[in-house]
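Asks: Can you keep this structure in mind? I'll have questions shortly.
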Amino acid sequence: SRVPEFREKLKVKRGNRCGYFTDDPYEKLCRSLPFYRMKGHAMPENYAARLGAFMDAGRWGGMAVCDIVAFSPRVSLGANNVLTYRRRKSGQIATVLLDPSVAARLRSIPPEAGSDPDKPFRFLHCTREIQNRQLWRERFKSLCEFAGITEIETEVGGKIGPHPHALRDSFAIDAITHGVSLENVARMLGHKTTAMTQRSYLFWVKRRVDHCIEDQRAALARHAPEAEAPEARDGSGLVQ
């Protein structure tokens with residue numbers, strides 16, 4: 001009979017249901033971006049490139065909307081393609097190594113009428129920061145609607161409406177499921193502790209534990225000695 005395994009109980013907090021983008025819907029968003037047109041309004045200059053950079057910052061930089069709006073390429077993006085910024089929510093420093101192509105796009109975000117030259121996702125006429133955040137949320141949601149993405153998956157198999165914070169969650173889930181240590185994931189997300197990361201993504205941490213156990217079981221099976229047949233030994237216990 002199979003020996004029961006010890007498992008630490010990892011309970012997902014009620015209501016903690018991260019929505020995330022799998023590869024197919026995210027790629028569909030990227031393909032749809034150049035063809036998007038606002039309904040009843042003239043398209044702002046450089047709209048596709050700017051919204052694409054917003055998506056890059058969330059999906060590949062792990063940034064929340066409030067941090068994207070405060071992003072300054074001059075301050076936060078080094079020549080080594082490392083994104084470094086202080087998270088608004090936690091006050092912690094987040095550090096992410098970007099793919100060179102993503103870093104290049106974030107370094108050269110084109111302007112739009114009224115945009116801040118130093119903080120390209122911020123508009124000077126928006127006196128309250130929440131207005132900037134809401135503008136980008138609406139732009140992202142409009143693109144999702146145009147691309148036909150009306151819902152995204154959750155960690156428990158449900159569906160919710162798409163929203164830009166799911167880009168950050170997709171970044172975190174991708175790192176966790178590909179074996180990045182929780183300590184490093186916490187640093188990438190700007191979490192104060194790894195416990196905060198684990199609480200936020202318990203479902204995915206548990207899945208990683210499951211995969212680890214299966215890998216160990218497979219390794220043990222490969223190296224397990226073959227049982228010898230009883231008739232292969234004489235009475236002294238020696239192999240005949």
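The values are calculated or read from the model by the stated rules, or taken from the named source; none is laboratory data. Everything numeric in this text was worked out from a predicted model, so none of it was measured. Every residue, glycine among them, receives a Cβ derived from its backbone with ideal geometry; neighbour counts consider all protein chains shown. Surface accessibility is based on the protein's heavy atoms, side chains included, excluding ligands, DNA and RNA. Shrake-Rupley method; radii C 1.70, N 1.55, O 1.52, S 1.80 Å.
Asks: From (1) within 30 Å of Gly158 (Cβ to Cβ); (2) modelled with pLDDT of 95 or more, pick out the condition that doesn't hold for Arg14.
Replies: Result: Arg14 fails condition (2) only.
Asks: Follow-up. Give just the number: which of (1) more than 20 Å from the chain's Cα centre (by Cα); (2) among the aliphatic types (A, V, I, L, M); (3) open to solvent by less than 80 Å² (accessible area, probe 1.4 Å) does Met63 not satisfy?
Replies: (1)
Asks: Only residues that are outside any helix (DSSP H, G or I), hydrophobic (A, V, I, L, M, F, W, C) and surrounded by 10 or more Cβ atoms within 10 Å (Cβ to Cβ): list them for the range 15-48, please.
Replies: At the first step, the residues of the range 15-48 found to be outside any helix (DSSP H, G or I) are 15-22, 36-46.
Those still in the list that are hydrophobic (A, V, I, L, M, F, W, C) too: 18, 21, 38, 42-43.
Result: Cys18, Phe21, Met38, Met43.
Asks: Let me ask another. Among the residues of the range 137-155, which ones are under 22 Å from Met38 (Cα atoms) and in contact (Cβ under 8 Å) with a residue 60 or more places away in the chain? Break it down into steps so the answer makes sense when it comes.
Replies: First, the residues of the range 137-155 that are under 22 Å from Met38 (Cα atoms): 137-151.
Within the range 137-155, Arg137, Arg139, Phe140, Ser142, Leu143, Cys144, Phe146, Ala147, Gly148, Ile149 qualify.
Asks: Somewhere in the range 18-33, is a residue among the aliphatic types (A, V, I, L, M), at pLDDT below 95 and more than 30 Å from Gln198 (Cα to Cα)?
Replies: Filtering the range 18-33 down to residues among the aliphatic types (A, V, I, L, M) leaves 29, 33.
Next, only the ones that are at pLDDT below 95 stay: none.
The answer is no; no qualifying residue exists.
Asks: Among what's in the range 156-183 and is surrounded by 15 or more Cβ atoms within 10 Å (Cβ to Cβ) and of a type in the set (D, E, K, R), pick the residue that is nearest to Gln92 (Cα to Cα).
Replies: Checked the range 156-183; the qualifying residue nearest to Gln92 (Cα to Cα) is Arg168.
Asks: Next question. When you scan the range 156-183, how many residues do you find that are assigned to a helix (DSSP H, G or I) and touching a residue at least 12 places away in the same chain (Cβ under 8 Å)?
Replies: 13
Asks: Okay, moving on. Out of the residues in the range 184-200 that are out of contact with any strand residue (DSSP E or B) (no Cβ under 8 Å at 6 or more places or on another chain) and outside any helix (DSSP H, G or I), state the one that is most open to solvent (accessible area, probe 1.4 Å). Full working, then the answer.
Replies: First, the residues of the range 184-200 that are out of contact with any strand residue (DSSP E or B) (no Cβ under 8 Å at 6 or more places or on another chain): 184-186, 191-200.
Next, only the ones that are outside any helix (DSSP H, G or I) stay: 191-193.
Values: His191: 24, Lys192: 126, Thr193: 68 Å².
Within the range 184-200, the match that is most open to solvent (accessible area, probe 1.4 Å) is Lys192.
Asks: Okay, moving on. Would you mind stating whether Gly58 is in contact with a Lys or Arg (Cβ under 9 Å, 6 or more places away or on another chain), surrounded by 19 or more Cβ atoms within 10 Å (Cβ to Cβ) and assigned to a helix (DSSP H, G or I)? Working first, answer last.
Replies: Details: in contact with a Lys or Arg (Cβ under 9 Å, 6 or more places away or on another chain): yes; surrounded by 19 or more Cβ atoms within 10 Å (Cβ to Cβ): yes; assigned to a helix (DSSP H, G or I): yes.
So Gly58 fits the description; yes.
Asks: Now for a different question. Report the residue count in the range 172-188 for those that are polar (S, T, N, Q) and at pLDDT 95 or above.
Replies: Initial filter on the range 172-188 (polar (S, T, N, Q)): 177, 181, 184.
Filter again for at pLDDT 95 or above, leaving 184.
Residues flagged as polar (S, T, N, Q) and at pLDDT 95 or above within the range 172-188 amount to 1.
Asks: Right, another one. Give me the pairs: first residue in the range 88-107 and over 14 Å from Ile68 (Cβ atoms), second residue open to solvent by 20 Å² or more (accessible area, probe 1.4 Å) and hydroxyl-bearing (Ser, Thr, Tyr), beta-carbon distance under 6 Å, and six or more apart or on different chains, which are they?
Replies: If the second residue must be open to solvent by 20 Å² or more (accessible area, probe 1.4 Å) and hydroxyl-bearing (Ser, Thr, Tyr), the pairs left are Thr95/Thr84.
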